């Protein structure tokens, strides 16, 4: 029982340290990213394929190119070296766009997508469905509103698994 408690406490401490590191990383690189004309969307610091990866997600109204990622990478790398977020442990620095279908995490993510088609997934069926597609109208403190074929649908945030951009890969005929 004591071993389980000790393991649980070390996991809690590690989570707190990771959150503290992410806050420090954000404070360090956000001004640089914004100065370059991009928005800092998210930061992840996690183990992948046997090694630690620090992934910085950036956005721009015109989209993100490989050149944009390289530009940000070259500017934030020296700042991160100085900050030393991994306490001298090796890690891989990645700079990426959020991706086409990444669920919205911040209020800014929602605002950037007002008037655009989105997918809303619910924990439990509402009117017989768990997934709705419609135009994002509003994201308030407790609700998400979308327009589904001229009908306004409102969902409580606590019942929503995620909201993300609607992506369609319809075939193009020649």
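All of the numbers you see were taken from the coordinates with simple rules; none came from a lab. Just so it is clear, the model here is predicted, and its values are computed rather than measured. Cβ placement follows ideal geometry from the backbone for every residue including glycine, while neighbour counts extend to all protein chains displayed.
Below is a table of values for the structure above.
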quantity: Crossing angle, helix 2-35 versus the chain [Cα axis fit, 0-90 degrees, rounded to tens]; calculated: 80
quantity: Gain on full stretching of the segment that runs from residue 28 to residue 88 - 0.36 nm per residue minus C-alpha separation; calculated: 19.9 nm
quantity: Cα-based Rg / Dmax (Å) for the chain; calculated: 19.6, 68
quantity: Choice from 137, 152, 43 showing the highest fluctuation, given a GNM over the chain with Cα pairs closer than 10 Å; calculated: 152
quantity: Helix-only mean residue ellipticity at 222 nm for the chain, each DSSP H run of n ≥ 4 adding -39500 (n - 2.57), per residue, nearest 500; calculated: -11500 deg cm²/dmol
quantity: Cα long-axis angle, helix 66-83 against the chain (0 to 90 degrees, to the nearest 10); calculated: 40
quantity: Order of 93, 54, 100 - criterion: other Cβ atoms within 10 Å of each residue's Cβ, fewest first; calculated: 100, 93, 54
quantity: Sorted by Cβ density within 10 Å, fewest first, the residues 97, 86, 149; calculated: 149, 86, 97
quantity: Residues 153, 52 arranged by fewest to most Cβ contacts within 10 Å; calculated: 52, 153
quantity: Segment 107-165: translational diffusion in µm²/s, Stokes-Einstein, Kirkwood Rh over Cα pairs, 25 °C, 0.890 mPa s; calculated: 219
